[in-house]
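See structure below.
The values are calculated or read from the model by the stated rules, or taken from the named source; none is laboratory data. What you see is a predicted model, and the numbers here were worked out from it, not measured in a lab. Counting neighbours? That spans all protein chains shown, and the Cβs are built from the backbone with ideal geometry, glycine included.
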Amino acid sequence: MAAAQAGDADAYRVLLAELAQWLRRYYVRRLPPAVVEDAVQDVLLAIHEKRHTYDPLRPFGPWLAAIARYKWIDRLRSFQSEATEPLDDSIGIADHEAAVVAGSTFEQLLAALKAPQAAAIRLVKLEGYSVEEASRATGQSVSLVKVNIHRGLKRLASIIRETGDAN
């Protein structure tokens, strides 16, 4: 720190890097992981702003520890002042049952098709591939991809009609 106060920029860079490591170890035992890096940066900024107050005739460790401790206390106080609400058990949670059932049902429907038809429909209609991209991905010709999509969708409609009549 004395060299940094004397204007040695390299010494100051090394000092800040070493301080950052020490501060992370200091705060990791004292603060939640999500705020450790913020606390480290707060102290580094404070040291930068107050470096002129350090007396080179005195030990550096206690000076650093005092700043780190005060910033830690400030951080703990900020936790108390943050408005928090207890979570209510009646908070609404979106019901995903319909989406899960629909996805499962659609997978069952696709399983009823021939594999090339299901692959073409999945790529073009569900995943947004172009017919040309689906052709390259499946090894089918462009026209065969189109035919498989047409026949597969026709077969799906037929299956749905048959099961709809059965219910």
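Let's see how each residue does on (1) at pLDDT 95 or above; (2) part of a helix (DSSP H, G or I); (3) within 30 Å of PRO33 (Cα to Cα):
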position: TRP63; (1), (2), (3): no, yes, yes
position: GLU85; (1), (2), (3): no, no, yes
position: ASP88; (1), (2), (3): no, no, yes
position: ASP95; (1), (2), (3): no, no, no
position: ALA98; (1), (2), (3): no, yes, no
position: GLU107; (1), (2), (3): no, yes, no
position: ALA118; (1), (2), (3): no, yes, no
position: ALA134; (1), (2), (3): no, yes, no
position: GLU162; (1), (2), (3): no, yes, no
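Determine, yes or no, whether LYS146 is modelled with pLDDT of 90 or more, basic (Lys, Arg) and under 30 Å from ALA6 (Cα atoms). Walk me through how you get there before you give the answer.
Working: modelled with pLDDT of 90 or more: yes; basic (Lys, Arg): yes; under 30 Å from ALA6 (Cα atoms): no.
For LYS146, the condition - modelled with pLDDT of 90 or more, basic (Lys, Arg) and under 30 Å from ALA6 (Cα atoms) - is not met.
Condition check: out of contact with any Phe, Trp or Tyr (no Cβ under 7 Å at 6 or more places or on another chain), β-branched (Val, Ile, Thr), surrounded by 15 or more Cβ atoms within 10 Å (Cβ to Cβ) and over 19 Å from ALA102 (Cα atoms). Does VAL142 satisfy that? Steps first, answer last, please.
Details: out of contact with any Phe, Trp or Tyr (no Cβ under 7 Å at 6 or more places or on another chain): yes; β-branched (Val, Ile, Thr): yes; surrounded by 15 or more Cβ atoms within 10 Å (Cβ to Cβ): no; over 19 Å from ALA102 (Cα atoms): yes.
No.
Inside the range 1-40, can you point out the residues that are in a helix (DSSP H, G or I), more than 24 Å from the chain's Cα centre (by Cα) and of a type in the set (Lys, Arg)? Talk me through it step by step, then tell me what you get.
Of all residues in the range 1-40, those in a helix (DSSP H, G or I) come to 2-5, 9-28, 33-40.
Within this subset, residues satisfying the condition of being more than 24 Å from the chain's Cα centre (by Cα) are 2-5, 9-23, 25-26.
Once the filter is applied, which keeps residues that are in a helix (DSSP H, G or I), more than 24 Å from the chain's Cα centre (by Cα) and of a type in the set (Lys, Arg), the range 1-40 yields ARG13, ARG25.
Restricting to the range 1-50, what's the tally of residues that are in contact with a Pro (Cβ under 9 Å, 6 or more places away or on another chain) and among the acidic types (Asp, Glu)?
Matching residues across the range 1-50 total 0.
Looking at this structure, is GLY128 in the same structural domain as ILE160 (by TED's automatic domain parsing), at pLDDT below 90, farther than 30 Å from ALA2 by Cα and not acidic (Asp, Glu)? I'd like the intermediate steps shown before the answer.
Working: in the same structural domain as ILE160 (by TED's automatic domain parsing): yes; at pLDDT below 90: yes; farther than 30 Å from ALA2 by Cα: yes; not acidic (Asp, Glu): yes.
The answer is yes for GLY128.
Taking the options ASP8, ASP55, ASP38, name whichever one is under 15 Å from ASP74 (Cα atoms), surrounded by fewer than 17 Cβ atoms within 10 Å (Cβ to Cβ) and of a type outside the set (Phe, Trp, Tyr). Steps first, please.
Numbers: ASP8 fails: under 15 Å from ASP74 (Cα atoms); ASP55 fails: under 15 Å from ASP74 (Cα atoms).
Being under 15 Å from ASP74 (Cα atoms), surrounded by fewer than 17 Cβ atoms within 10 Å (Cβ to Cβ) and of a type outside the set (Phe, Trp, Tyr) holds for just one of ASP8, ASP55, ASP38, which is ASP38.
Looking only at the range 23-59, count every residue that is out of contact with any helix residue (DSSP H, G or I) (no Cβ under 8 Å at 6 or more places or on another chain) and among the hydrophobic types (A, V, I, L, M, F, W, C) and tell me the total.
So the answer is 3.
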